[in-house]
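> Here you go, one structure.
The values are calculated or read from the model by the stated rules, or taken from the named source; none is laboratory data. Quick caveat: nothing in here was measured; it's all calculated off a predicted structure. FYI the Cβ positions are ideal-geometry reconstructions off the backbone, even for glycines, and counts take in every protein chain you see. Only protein heavy atoms, including side chains, enter the accessible area calculation; ligands, DNA and RNA are left aside. Shrake-Rupley method; radii C 1.70, N 1.55, O 1.52, S 1.80 Å.
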Amino acid sequence: AINNFLIENKTLHCEACKFNFEKKYGIHGKDFIECHHTIPLSQMKQGHKTKAEDLVLLCSNCHRMVHRGKKWLSLDELIKLMSK
């Protein structure tokens, strides 16, 4: 997922808020991002193979907000929430 994202976007940034760790922290933040599984690991059946499209790249804050509450937010729901 990270390699595909880099090919398309040239840099790593949060898909929700666009935060870029390298821009903020310099070389220390280079190539850093968190991957969020859109299918909860607890719901995956034995032998499930995660595909790149099953992952969303998020900064730490957005990743925590997606997981906050009983029902996870989708990327679209998180972006909509931030636009309010």
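> Of all the residues that make up region 5-15, how many are in a loop (DSSP other than H, G, I, E, B) and of a type in the set (D, E, K, R)? Give the derivation first.
The first filter runs over region 5-15 and keeps only residues in a loop (DSSP other than H, G, I, E, B), leaving 10-15.
Restricting the remaining residues to those that are of a type in the set (D, E, K, R) gives 10, 15.
Residues in region 5-15 being in a loop (DSSP other than H, G, I, E, B) and of a type in the set (D, E, K, R): 2 in total.
> OK, next. Can you tell me which residue among E34, E53, E77 is modelled with pLDDT under 95 and either in contact with a helix residue (DSSP H, G or I) (Cβ under 6 Å, 6 or more places away or on another chain) or on the phi < 0 side of the Ramachandran plot (or both)? First the steps, then the outcome.
Working: E34 fails: modelled with pLDDT under 95; E77 fails: modelled with pLDDT under 95.
Result of the check over E34, E53, E77: E53.
> Within region 57-84, work out how many residues are touching a strand residue (DSSP E or B) at 6+ places or on another chain (Cβ under 7 Å), of a type in the set (V, I, T) and either under 22 Å from N9 (Cα atoms) or open to solvent by 100 Å² or more (accessible area, probe 1.4 Å) (or both).
The qualifying residues number 0.
> Oh, and also: Out of the residues in region 6-36 meeting the condition of being of a type in the set (F, W, Y) and closer than 23 Å to S83 by Cα, tell me which one is most open to solvent (accessible area, probe 1.4 Å).
Pass one, region 6-36, residues of a type in the set (F, W, Y): 19, 21, 25, 32.
Still in the list and also closer than 23 Å to S83 by Cα: 19, 21.
Values: F19: 64, F21: 24 Å².
The extreme case among them is F19.
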